[in-house]
Amino acid sequence: MSLRDPSSTGLAQMVQIETQDLSALGNRAAIAMCGTDTSYRAFQAASQIIFDGLRDDVEQVRIYLLDPVERILREEAVVDHFGSQEGSDLIPLYQFPEQITKKLAALQHNMGDQWEIQIPLPGEQQIAGVLVLVSFQKFPPHLEEKILRLGRSLALGALYVRRSREAERSAMLLKAVTNTSAKLQGLDGRRILLENFVTTAVESFGFDRATIFVLDDDGKSVKTALCARAGVGVIPIDAPPELQLHSDQPAPHPHLPGLWIPIRMGSRRLGALFVDNIYSLEPPSRDVLQPLVDLASQAALALENARLIERLRETALRDDLTGLYRSGYFLERVREELANSRRRKDSTGLVMIDLDQFKAINDTYGHPIGDEVLIRVADRIRQSLRVGDTACRKGGDEFIILVPNLTSEQAGKMAQRIIDEIRTSPVALPDGRLVEISVSAGVALFPSHAGNWQDLWGRADEALYQAKNAGRGRWVIWTPQGKMPLR
């Protein structure tokens, strides 16, 4: 039951869900889950953020987390107009349809005068959980992709909490064997984590040397390697060798008194630990094998959580639809680059791009086609970038490019190239028709046109306005006289 009268909603549009960036909302909720508390309160905080963001459109928010061992979805938190509470529901995974668990699509259920929408939280091999929104209205089909973005962003936080819980459980089991788990919990930064790991392998298990190899995301090439030696400390290995592991099981070294311990997360190889007694030449004791395997499991959880945090921070910087940077990060880059440009005594350009008649495209073909148009424009912009350039989706159908070390002639050529590339890249409709795309661009340069980022931004916008007024599909470079050359 809601505090609001369902009849007051009527057929009104879902304004908040229509207009809000649900990916950003999901990121805020996910970040709230990545604190030190891994209880239901982490999910309570995330649910509250989502509920507050969509309060006019939804009546209740619930989050379920999957227990991958028991294959049960546990209701972690419930938030509605009456307040928030710990969840109590348990639902076997098999009771959810494959549309959610396999196809990762949203599903709506009618519950009398309310609608319940179930949104998957994608994991790496299976769903991490399910987000449930309850509303007096059925969600229109064109909003499904938006709410799926909300689920994708929130999933990073759910995975973080689940792995943190796994780490806590493992730490309790390992406490009688080693205090390493306590060292691994709550550490900021992968480097500190790795240093503690190899130091513990030397100090707690009595080896002469311990080396950890961390693999790149491809699971093949070595990205980082650190070596700890008794009495020496931790030393980074600048040119680590390629790993020659022939098994995913612990194995003795063929020539040295040492052991290889793989570090894995499920089927994915994250790295390996090598411990040996290069000085004493004593063979490793059989008693240390299981504690080392447990230690490697702890390292895998900690490394994976560090990777999730990095992904979450990177995702928070980027627009979910186009993959270009968001405005907040872009402004930081503008300020930083103008300071560099002042120091180098060269010129930096700002190219502002806006779609022509984009509202007509949305009105004529619908929002999904409009999204395809935005993605196509972002792809063409991305392809035009040089090393060091930064592109941003300012919002809606407006994009901005920061281009260091740029002359006015080069700026004009870049703007024209982008306009031409977009003009020759229409979006195809299912019936074979083509949606033609046109953009206009405004260019301003630092320091010749503006002495600070605010003026530079404003003058690029003025140039864009002139290009629009001159007939669209062209670029204009700002001039101090106010009469701008049209192209």
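The values are calculated or read from the model by the stated rules, or taken from the named source; none is laboratory data. The structure presented is a predicted model; accordingly, all values stated were derived computationally and were not measured. A quick note on method: Cβ atoms are made from the backbone with ideal geometry, for glycine too, and the neighbour counts reach across all protein chains shown.
Observations, loosely collected:
- Residue pairs meeting the criteria (Cβ under 8 Å; at least 6 apart or on separate chains; first basic (Lys, Arg), in the range 308-323; second buried (at least 17 other Cβ atoms within 10 Å of the Cβ) and assigned to a loop (DSSP other than H, G, I, E, B)): Arg318/Leu324; Arg318/Arg326
- Residues that are assigned to a strand (DSSP E or B) and either modelled with pLDDT under 90 or not β-branched (Val, Ile, Thr) (or both) within the range 393-413 comprise Arg393, Lys394, Gly395, Glu398, Phe399, Leu402, listed in sequence order.
- Within the range 447-466, the presence of a residue that is surrounded by 13 or more Cβ atoms within 10 Å (Cβ to Cβ), part of a strand (DSSP E or B), touching a residue at least 12 places away in the same chain (Cβ under 8 Å) and in contact with a Phe, Trp or Tyr (Cβ under 9 Å, 6 or more places away or on another chain) is excluded.
- Taken together, Val58, Val79 contain a single residue that is closer than 30 Å to Glu310 by Cβ, modelled with pLDDT of 90 or more and surrounded by 13 or more Cβ atoms within 10 Å (Cβ to Cβ), which is Val79.
- Those residues of the range 259-293 which are part of a helix (DSSP H, G or I), among the basic types (Lys, Arg) and either in contact with a Cys (Cβ under 6 Å, 6 or more places away or on another chain) or surrounded by 17 or more Cβ atoms within 10 Å (Cβ to Cβ) (or both), in sequence order: none
- Some residue of the range 471-485 being in contact (Cβ under 8 Å) with a residue 60 or more places away in the chain, over 21 Å from Thr322 (Cα atoms) and surrounded by 23 or more Cβ atoms within 10 Å (Cβ to Cβ): yes
- The conditions of being over 20 Å from Asn196 (Cα atoms) and either in contact with a helix residue (DSSP H, G or I) (Cβ under 8 Å, 6 or more places away or on another chain) or in a loop (DSSP other than H, G, I, E, B) (or both) are met by Ala239.
- Matching residues in the range 35-89 - criterion: being of a type in the set (A, V, I, L, M, F, W, C) and free of Cβ contacts under 8 Å to residues at least 40 places away in the same chain: Ala45, Ile49, Phe51, Val69, Ile72, Ala77, Val78, Val79
- The listed residues are Arg423, Arg433, Arg417, and the only one of them that is assigned by TED's automatic domain parsing to the domain that holds Glu372, over 11 Å from Met352 (Cα atoms), of a type in the set (Lys, Arg) and in contact with a Gly (Cβ under 8 Å, 6 or more places away or on another chain) turns out to be Arg423.
- Considering the range 90-126, and only residues there that are closer than 19 Å to Glu70 by Cβ and exposed (fewer than 11 other Cβ atoms within 10 Å of the Cβ), the residue that is modelled with the lowest pLDDT turns out to be Gln125.
- Residue ID - farthest from His367 (Cα to Cα), chosen from residues in the range 99-125 that are assigned to a loop (DSSP other than H, G, I, E, B) and in contact with a strand residue (DSSP E or B) (Cβ under 7 Å, 6 or more places away or on another chain): Leu104
- As a summary of the residue check, Arg386 satisfies the conditions (1) under 24 Å from Pro480 (Cβ atoms); (2) basic (Lys, Arg); (3) modelled with pLDDT under 90 except for the one numbered (1).
- For first residues located in the range 136-151 and touching a residue at least 24 places away in the same chain (Cβ under 8 Å) and among the β-branched types (Val, Ile, Thr), partners that are buried (at least 19 other Cβ atoms within 10 Å of the Cβ) and in a loop (DSSP other than H, G, I, E, B) and lie 6+ apart or on another chain with Cβ distances below 9 Å form the pairs Ile147/Ala106; Ile147/Phe139.
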